[in-house]
Amino acid sequence: MHLIQSWKDGHSGRGSSALSRRAYLDITHRPVRVALTRLLLGEHCLAVALLRHPTRTHRRVERHDRLCRFGDGAVEDELHALFTCRGSEVLVQERDRFWKELRDRGLESEVRRLTRFEGGSRAVALLTEKVETATVLAWFGDKVLSIFKERQIYRMY
Ligand SMILES: [Zn+2]
């Protein structure tokens, strides 16, 4: 299930209409807007997406076996990559920068709380409600995906 799908299933009402969640479409820099859209739709280089389908040489991998290429044993999905993976020094540094950007906008503690206690998809939903924070998430997400892309994906079988 990709991130947008999990918002729809996760909650409805309380000012969280589908419309208000589409502010990210107003991000002006096109490549960044496209990168965020793909991240939200699950069209990206992470194992959770890439190993979903069989190829000529490999069969489909079950979701719980689509493990992080940095070897931490977690499922390599969007929320792991964005908020919890510490597999690479560069990734950790980029995430520190991301938190600082949110701190400057007074949103750090709320977003951290959402990632810890209510599932990261709600944090992503909050960030994409406004174009300004959606842009911060978009740049960060784009960097995160490029960091993952630099390393070869992990396959158990
Ligand atoms: Zn990881």
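Rule-based calculations on the coordinates, nothing more; no lab input. This one's a predicted model, so the numbers in the text were calculated from it and none came from an experiment. Don't worry about glycine lacking a Cβ; one is built from the backbone with ideal geometry, like all the others, and counts go over all protein chains shown.
Observations
- Residues C85, C45 arranged by fewest to most Cβ contacts within 10 Å: C45, C85
- Pairs of Lys residues in the chain that lie 8 or more places apart, or on two chains, and have C-alpha atoms under 22 angstrom apart add up to 4.
- Backbone geometry of the stretch 84-92 corresponds, through the Karplus equation with coefficients 6.51, -1.76 and 1.60 at θ = phi - 60°, to 3J(HN,Hα) couplings of 10, 4, 10, x, 9, 4, 4, 4, 4 Hz, x marking Gly and Pro.
- Dimensions (Å) - the chain, Cα atoms, principal axes, largest first: 45, 33, 32
- Across the stretch 59-69, rounded Karplus estimates of 3J(HN,Hα) from the backbone phi angles (6.51 cos²θ - 1.76 cosθ + 1.60, θ = phi - 60°) give 8, 4, 9, 4, 4, 5, 9, 8, 8, 4, 5 Hz, Gly and Pro being marked x.
- For the stretch 42-48, Karplus couplings with θ = phi - 60° (6.51, -1.76, 1.60), whole Hz, Gly/Pro x: x, 10, 7, 8, 6, 4, 4
- Candidates G119, L107, L41 compared by Cα position along the dipole of the chain: farthest toward the positive end lies L41, with charges placed on Cβ.
- Figure legend: label point modelled 7 angstrom from the Cα of V75 along Cα→Cβ; residues of the stretch 29-65 with amide N under 15 Å from it are 42, 46-53, 61-65.
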